[in-house]
Amino acid sequence: MAKTSTTTQGLRAAIERSGYYPALVAEAVEAAVGGEPVRSYLVHQETTFDQNEVRRHVTVLVLTGNRFIVSHTDEQAADTTSPTPYATTSTESVKLSRISSVVLSRVVANPESYTPGSLPREVVLTIGWGAVSRIDLEPAACGDPNCDADHGYTGSSTADDLSLRVSEAGDGPDTVRQTLAFAQSLSEATADLTA
């Protein structure tokens, strides 16, 4: 990772600010990015409760000139495979040309008095590139209420590779702003490929 880039330095600082195994997370992200300049990034830490345990997870999204990089790091408690707690880090590098959809859902309070430029209460960023699809099926039916024939199934397939929810209350306004900025950068980068 080029250390002279302001955006690259901002990415490293954001990883360190998250406080979630910053050396481990930064090394994985830097290895995936390689020497490419970073155009935009998003670091999102999420804490979940699993029965009696608190689990943390961090997702780092990076946009370069040619690729979209996703990094996930999870911590695990000691178990039968490891006598000590451990962390798992994975990265995926996706060519921008493979991204098929960038969906940004905004939740705003009091929409009747919405002012353009106001920060949404929460945003959900969903990105699809065809690695994971969700299939929702349901029994098909005809219009006859007395029909008991088997009409098979009907359904839909949805690209659902990554979905990230960020809220002002849980993550803070800066994280919501960063998510909006990243989504815009990624949408523009994928639009440039079709122009």
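The values are calculated or read from the model by the stated rules, or taken from the named source; none is laboratory data. Everything quoted here is computed from the prediction, not taken from an experiment. When we count neighbours, we look across all protein chains shown, and the Cβ atoms used for this are built from the backbone with ideal geometry, even at glycine. Remember, those area values only see protein heavy atoms, side chains included, never the ligands or the DNA or RNA. Shrake-Rupley method; radii C 1.70, N 1.55, O 1.52, S 1.80 Å.
Overview of values
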{"read-out": "Filter pass, GLU75 being in a strand (DSSP E or B) and acidic (Asp, Glu)", "value": "yes"}
{"read-out": "Verdict on ILE69 being assigned to a strand (DSSP E or B) and within 19 Å of the chain's Cα centre (by Cα)", "value": "yes"}
{"read-out": "When residues of segment 63-91 are limited to those that are out of contact with any Leu (no Cβ under 9 Å at 6 or more places or on another chain) and closer than 16 Å to VAL29 by Cα, the one surrounded by the most Cβ atoms within 10 Å (Cβ to Cβ)", "value": "THR91"}
{"read-out": "Segment 91-108 residues that are over 11 Å from LEU193 (Cα atoms), paired with ones that are of a type outside the set (A, V, I, L, M) and assigned to a helix (DSSP H, G or I) (beta carbon under 7 Å, 6 or more apart)", "value": "VAL102/SER187; VAL102/THR190"}
{"read-out": "Conditions (1) over 16 Å from TYR41 (Cα atoms); (2) open to solvent by less than 50 Å² (accessible area, probe 1.4 Å); (3) at pLDDT 90 or above; (4) of a type in the set (A, V, I, L, M); number of the one not met by ALA140", "value": "(3)"}
{"read-out": "Residues that are farther than 28 Å from GLY65 by Cβ, assigned to a helix (DSSP H, G or I) and either of a type outside the set (Asp, Glu) or open to solvent by less than 30 Å² (accessible area, probe 1.4 Å) (or both), drawn from segment 167-189", "value": "ALA169, GLY170, PRO173"}
{"read-out": "Positions within segment 92-131 being basic (Lys, Arg) and surrounded by 12 or more Cβ atoms within 10 Å (Cβ to Cβ), in sequence order", "value": "ARG98, ARG106, ARG121"}
{"read-out": "Among (1) of a type in the set (Ser, Thr, Tyr); (2) more than 20 Å from ARG165 (Cβ to Cβ); (3) touching a helix residue (DSSP H, G or I) at 6+ places or on another chain (Cβ under 9 Å), the one test that SER82 misses", "value": "(3)"}
